[in-house]
Amino acid sequence: MSIPANMILHQMELGPLQNFLYFIGDAESQEIAVIDPAWDVEYLCDQADSKGYKIKYVFLTHGHPDHVNGLDDMLKRYDVPAYISKHEAPFYMPKHKNIIEVENGEILKVGNIEFECILMPGHTPGCQSFKHQDVLITGDAIFIDGCGRCDLPGGDPAVMYDTLYDIVMKLPDSTLLYPGHNYGPTPFDTLGHQKITNHYLLCSSKEEFLETRM
């Protein structure tokens, strides 16, 4: 599988926790959103400049510090809107005038490319993914051969089970999963392959998942 020809998708690993950060956007206009600016904002800006990308938006998968610790610096450099789920826990909600809270299913447009916000709680109450056609930027909802931890404040393993089995598993097998951390054997994978190799997607019941996850 390949990404759509008119879509920008640039994956970068930054920071001590192996975070994946992304540029996503419109290849025609060269407009992009930065997903989860953290760790090294100067590097992100240099990368965007070197590729001729225009940073127009920030998309946040959730409010954990390792995903937002560069947000204030990014918004000082670029006065752009930063979108986060309205369902995120108050104690994870960034405080900045540019923050815009979005609802599940809301469409965010970058140039002529539309991204759907999909609420995928469990890691945090407001964990969300961003989908364009068969490309899904998953944040910490699901990793390659793993899923987000559920033992931090706001986490809930039972809710994570519902996210994985009622939302993720119902997407087409051709869906390309791009996670929030480089914790797996590959930087991305198809959902179809993950249904074979990801043990969190192979549980026969919620009880088995809870025992496995916790």
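The values are calculated or read from the model by the stated rules, or taken from the named source; none is laboratory data. Just so you know, these numbers come straight off a predicted model, no measurement behind them. So basically every Cβ, Gly included, is an ideal-geometry build from the backbone, and we count neighbours across all protein chains shown. Ligands, DNA and RNA are excluded from the accessible area calculation, which covers all protein heavy atoms including side chains. Shrake-Rupley method; radii C 1.70, N 1.55, O 1.52, S 1.80 Å.
For the chain, the relative contact order comes to 15 percent (Cα pairs under 8 Å, sequence separation of at least 6). Accessible-area rank, largest first, for Met169, Met93: Met169, Met93, with all protein chains present and a 1.4 angstrom probe. Solvent-accessible area of the chain (1.4 angstrom probe, protein heavy atoms only): carbon and sulfur portion equals 50 percent. The residues of the chain present an accessible area of 42 Å² per residue when probed at 1.4 Å with all protein chains retained. Computed on the Cα trace of the stretch 102-214, the radius of gyration divided by the Kirkwood hydrodynamic radius gives Rg/Rh = 0.95.
Note on Ala158 and Glu101: their simple-model spin labels are 2.5 nm apart, each label 7 Å out from Cα toward Cβ.
For the stretch 78-164, trypsin sites (Lys or Arg not before Pro) are listed when DSSP marks them as loop and at most 12 other Cβ atoms sit within 10 Å of their Cβ; the list is Lys95, Lys97. One chain, two ends: Ile196 and Ala5. Fully extended at 0.36 nm per residue, the span grows by 66.0 nm beyond their Cα-Cα distance. Using the empirical formula 2.2 N^0.38 Å as the baseline, the Cα radius of gyration of the stretch 157-214 reaches a ratio of 1.11. Exposed loop sites are taken as GluC sites (Glu not before Pro) in a DSSP loop (any state but H, G, I, E or B) with at most 13 other beta carbon atoms within 10 Å; the longest stretch of the chain without one runs 104-214.
Given the DSSP H assignment, sum -39500 (n - 2.57) over each helix run of at least 4 residues in the chain and divide by its residue total; what's the result at 222 nm in deg cm²/dmol, nearest 500?
Computed mean residue ellipticity for the chain: -6000 deg cm²/dmol.
In this label model, Lys86 and Asn69 are separated by 3.1 nm, measuring between points 7 Å along each Cα→Cβ vector.
Rounded to the nearest 5, the antiparallel percentage of DSSP beta bridges internal to the chain is 65%. With the charge dipole of the chain set up from +1 on Lys and Arg Cβ and -1 on Asp and Glu Cβ about the Cα centre, the Cα lying farthest toward the positive end among the listed residues Met12, Pro90, Pro179 is that of Pro90. Of the cross-linked pairs Lys56/Lys170; Lys51/Lys95; Lys109/Lys170, those separated by over 26 Å at the C-alpha level are Lys56/Lys170; Lys51/Lys95. Computed over all pairs of different Cα atoms, the Kirkwood value for the hydrodynamic radius of the chain is 17.1 Å.
The Cα-based radius of gyration of the stretch 6-85, divided by its Kirkwood radius, gives an Rg/Rh of 0.93. The Glu13 and Leu210 beta-carbon pair, evaluated with R₀ = 22 Å, returns a calculated FRET efficiency of approximately 0.10.
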